[in-house]
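Bear in mind that the values in this text are calculations on the coordinates, not laboratory data. Because the structure is predicted, anything quoted here is derived from the model rather than measured. Cβ placement follows ideal geometry from the backbone for every residue including glycine, while neighbour counts extend to all protein chains displayed.
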Amino acid sequence: MRLEGIHHVTCITADAPGNVDFYARLLGLRMVKKTVNQDDPTVYHLFYADEQGSAGADITFFEYPGARPGRAGAGMVHRVTWRVASDAALDFWAERLGAEGVATERVDSRLRFADPESLGLELAVVDATDEPLVAEHPEIPAELALQGFDSVRAYHRAPEASRAFLEQAVSFDPIDPPAEWEARGEKRGGLYSYDPAPSEPGIGGAGTVHHVAWASTIEEHEKWREQVMRAGGQPTPVIDRFYFKSIYFREPSGVLFEIATLGPGFTADEPWETLGEGLSLPPNFEHLRDQLAGVLTPLPNPRESWTRS
């Protein structure tokens, strides 16, 4: 069995309107689902991805208004990297981000920056044959747009134990152990990399990564749970998230992993043409709609001002 790269990366924000502005307007991703955290339906779960809402391009956020600023430390992901097509794309993004007051750092064919809550982000020109996963945006030419995830970087806590687990439990391929592995399936791949942890302990909160999800076919999902258990992991039972099914567990360095299925997908409850424009609630949460209207932060439709041909 092989995992199909990164499925999604879920983070925490204290400011949903600012989050929408940064990821949908500035970075040009499509908000493909506006729903609630199914473990705490009083807060948003926002999903941004390519035009189709594809696994492999999907960064998501739980909104906890007033959450303290977080800080990545041992056992936490500290950087999320997207692919772009060329150095010209990096030039474009350096100019676009700079015009908005976002500081950037160019390192070879990579551009590093942070979102407004200090979440570490990066764009990278990499040699990959994966299909580009691109969102439409009137200010961003398709050839310069973000193309889906390349990698996540974490701070390790137990590198040798993690190495055995990554190779046995989730069948990652060693690229440069104990620093880097790849999860590559038939269609997509994604890198998982470690850096030495800083001396300061991590703090969960706004601007941190909650978990990283890896993509499985529906047919192999239960088998992955069994394989993780055989390798010494402690996965949850399969949880039906309506848009996909999930299991969760921590790898030995402490990073929370999810294995999520490729489907049913975000069109399970709304048409592709209007993805993310209204509040979507899975059937088990629909009875809360009137109650949540007075709790959730009002959010704009980021595409409302567009003139569609």
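Quick notes on this structure:
- Each other residue within a Cβ distance under 11 Å of Asp150 adds +1 if Lys or Arg and -1 if Asp or Glu, for a net charge of +1.
- The DSSP beta bridges internal to the chain are antiparallel in roughly 65% of cases.
- The distance from the alpha carbon centre of the range 86-136 to that of the range 281-308 is 30 Å, rounded to a whole number.
- Proximal charge balance of Thr236 [Cβ under 10 Å; K/R count +1, D/E count -1]: 0
- MRE, 222 nm, helices only [DSSP H, n ≥ 4, -39500 (n - 2.57), over the chain, to nearest 500]: -4000 deg cm²/dmol
- Normalised convex hull volume, the chain, alpha-carbon set, Å³ per residue: 132
- Note that the range 52-160 shows a convex hull volume over its alpha carbon atoms of 150 Å³ per residue.
- Entries in Lys34/Lys223; Lys33/Lys245; Lys34/Lys187 that, when Cα-Cα distance is taken, lie over 21 Å: Lys34/Lys223; Lys34/Lys187
- Contact order normalised by residue count of the chain, Cα under 8 Å, 6+ apart, percent: 26
- Calculated Rg and Dmax of the range 1-91 using C-alpha coordinates, Å: 14.3, 42
- Max mean-square fluctuation residue, GNM over the chain, Cα-Cα springs under 10 Å, options Thr261, Thr297, Thr208: Thr297
- Of Gly120, Gly66, Gly205, the residue with the greatest mean-square motion in the GNM of the chain, using alpha carbon springs below 10 Å, is Gly66.
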